[in-house]
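The structure appears below as structure tokens.
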Amino acid sequence: MAQHCHFCGKTPMTGSNVSHAHNVTSRKWHLNLRSVKAVVDGRSRRVNACTRCLRSGKVVKPAPRKAQVVSAGS
């Protein structure tokens, strides 16, 4: 299932478009998903997270990598 949040499990909702003439067609409300790097089970992974989980702090971002020191040759 591609369209789901890794943290809260939220999935797209279905419903109906209803016109003024009461013509009914099916439609889908998609999530506001973002692909982010997060710490999952102690490892850094790229996961899909909804913006509500990002704002509420359920997503733990990995620590930034340390820059390598490149020494000049002699």
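Computed from the coordinates by the stated procedures, all read-outs in this text should not be read as laboratory data. Keep in mind the model is a prediction, meaning the values are calculated, not measured. FYI the Cβ positions are ideal-geometry reconstructions off the backbone, even for glycines, and counts take in every protein chain you see.
Which ordering of 37, 10 is given by a fewest-first count of other beta-carbon atoms within 10 Å?
37, 10
Modelling each spin label as a point 7 Å along the Cα-to-Cβ direction, I'd like the residue 20/residue 41 distance in nm, to one decimal.
That separation, rounded to one decimal, is 5.5 nm.
Can you tell me the dipole magnitude for the chain around its Cα centre, using point charges on the Cβ only (Lys, Arg +1; Asp, Glu -1), in Debye to the nearest 20?
220
Over the residues of the chain, compute the C-alpha Rg and express it relative to 2.2 N^0.38 Å.
On the way: Rg = 20.5 Å, N = 74, 2.2 N^0.38 = 11.3 Å.
Taking the Cα Rg and dividing by 2.2 N^0.38 Å, one obtains 1.82.
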